[in-house]
Amino acid sequence: MIVANRKKIPEIRDMIKDYDKVLLVGCGTCVTVCLSGGEREVGILGSALRMSMKLIGREHIVIDECTIERQCEDAFIDILALRASNYDAICSFGCGAGVQALAERFPQIPVYPGLNTQFIGILESQGVWAEKCAACGKCRLGEYVGVCPITRCAKSMLNGPCGGSREGKCEVNKDIPCAWQLIYDRAVKLGTVDTFTSIVSPHDWSTGLSGGVRKVVREDQCIAGMVPDA
Ligand code: SF4
Ligand code: SF4
C-alpha cells in the first residue's frame with residue numbers, strides 16, 4: 001500500500017486559514033488502511049482544525065469533511081463534484097496522487113495536501129509501517145530471494161553488502177536491518193547462496209523516476225480508438 005502520515009495541525013491550518021469555506025476530503029483506500037486519511041482521521045482532524053482556527057481568531061471559517069472511496073480515480077470523484085463547487089479550497093487527505101487527481105478535476109479550486117506521502121510499504125506490526133518498494137519499474141526481487149536491495153539497502157547495493165553491516169544492522173542506522181544480511185539469511189534457508197557468485201549488471205534506472213514521469217498503457221483495456229500515447 002501507499003503509506004502516508006498526516007501533516008501537523010498548525011501546518012494544515014496555515015495552508016487553509018485565508019479561505020472562508022474549506023472542504024477536507026479523505027480517501028477510503030490506502031490512507032484509510034494506514035490510518036492517516038480515512039473517514040475517522042478526517043473527522044478527528046476537522047474538529048482539531050476548527051479548534052485551532054478559533055485559537056487564531058478565525059473561527060468563522062467553515063470546515064467540512066467528507067471521504068470518498070478512492071481519490072486517485074476520476075469516477076470516484078464524481079460524487080464530490082457538485083459539493084466541491086461550494087467551497088473556496090480543498091484540503092486532500094489522499095496520497096500525492098489523490099491530491100493531484102482532485103487538482104486536475106477542479107482547476108478552479110485550490111487544493112492542498114493534508115498528508116505527507118511516504119512510500120510503498122507494509123504493516124509490520126500494530127502502528128508500524130515499513131518501506132519495501134521504490135517502484136523502480138523493473139522488479140528484480142526474483143534475483144534477490146524476495147528482498148529488495150534497491151529499497152532496503154541504504155546504498156542500493158546490488159552486488160553484495162557494503163562492509164559496514166554490524167550484527168545484522170545497517171551502518172547508517174542501527175535500527176534498520178541490513179538488507180544484505182536479510183538476503184543472505186534467506187538464501188541460506190532456501191539453499192540458493194551459490195546463485196550470488198556472479199556480478200550482476202547495473203540497474204536500468206530509466207524505468208524508474210530517473211527516466212521521467214511514467215505511464216502504464218494497457219491497450220487491451222483501453223476503449224477502442226482511444227489508446228493514448230505511451
Ligand atoms: S526491484 Fe524495483 S519494483 Fe521490485 S521491489 Fe525493488 S524497487 Fe520495487
Ligand atoms: S549496511 Fe547493509 S543495508 Fe546498510 S548500506 Fe551496507 S549493505 Fe546496505
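The values are calculated or read from the model by the stated rules, or taken from the named source; none is laboratory data. All of these numbers come straight from a predicted model, not from anything done at the bench. Glycine gets a Cβ as well: all are built from the backbone with ideal geometry, and neighbour counts include every protein chain shown.
Picking from Val188, Val217, Val193, Val172, which residue would you name as being more than 20 Å from Cys148 (Cα to Cα), more than 16 Å from ligand 1 (Cβ to nearest atom) and not polar (S, T, N, Q)? Before the answer, list the steps.
Working: Val188 fails: more than 20 Å from Cys148 (Cα to Cα); Val193 fails: more than 20 Å from Cys148 (Cα to Cα); Val172 fails: more than 20 Å from Cys148 (Cα to Cα).
Residue meeting the stated conditions: Val217.
Answer yes or no as to whether Ser198 is away from ligand 2 (no atom under 16 Å from the Cβ), within 23 Å of the chain's Cα centre (by Cα) and free of Cβ contacts under 8 Å to residues at least 60 places away in the same chain. Let's see the steps before the verdict.
Numbers: away from ligand 2 (no atom under 16 Å from the Cβ): yes; within 23 Å of the chain's Cα centre (by Cα): no; free of Cβ contacts under 8 Å to residues at least 60 places away in the same chain: yes.
No; evaluated as a whole, the condition is false for this residue.
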Q) Restricting region 124-155 to residues that are more than 10 Å from ligand 1 (Cβ to nearest atom) and charged (D, E, K, R), which is nearest to Thr207 (Cα to Cα)? A) Lys155
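Select, from Gly127, Gly137, the only residue that is within 24 Å of Cys30 (Cα to Cα), at pLDDT 95 or above and exposed (fewer than 12 other Cβ atoms within 10 Å of the Cβ).
Working: Gly137 fails: exposed (fewer than 12 other Cβ atoms within 10 Å of the Cβ).
Step by step, each of Gly127, Gly137 is checked, and only Gly127 is within 24 Å of Cys30 (Cα to Cα), at pLDDT 95 or above and exposed (fewer than 12 other Cβ atoms within 10 Å of the Cβ).
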Q.
over 21 Å from Cys136 (Cα atoms) and either near ligand 2 (Cβ under 8 Å from one of its atoms) or in contact (Cβ under 8 Å) with a residue 40 or more places away in the chain (or both): which single residue out of Gly168, Gly160, Gly164 fits that description?
A. Gly164
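Let me confirm something: among Val193, Val227, Val188, which residue is out of contact with any helix residue (DSSP H, G or I) (no Cβ under 9 Å at 6 or more places or on another chain) and either exposed (fewer than 10 other Cβ atoms within 10 Å of the Cβ) or among the hydrophobic types (A, V, I, L, M, F, W, C) (or both)? Can you show your working first?
Details: Val193 fails: out of contact with any helix residue (DSSP H, G or I) (no Cβ under 9 Å at 6 or more places or on another chain); Val227 fails: out of contact with any helix residue (DSSP H, G or I) (no Cβ under 9 Å at 6 or more places or on another chain).
After ruling out the rest, the residue left standing is Val188.
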Q: Please identify the pairs in which a residue from region 97-113 that is touching a residue at least 60 places away in the same chain (Cβ under 8 Å) has its Cβ atom under 7 Å from the Cβ atom of a residue that is buried (at least 16 other Cβ atoms within 10 Å of the Cβ) and part of a loop (DSSP other than H, G, I, E, B), counting only partners at least 6 apart or on another chain.
A: Ala97/Cys72; Gly98/Gln71; Gly98/Cys72; Leu102/Gln71
**Q.** Leading residue by the ranking (surrounded by the fewest Cβ atoms within 10 Å (Cβ to Cβ)) among those in region 114-123 that are more than 8 Å from ligand 1 (Cβ to nearest atom) and among the β-branched types (Val, Ile, Thr)
**A.** Ile122
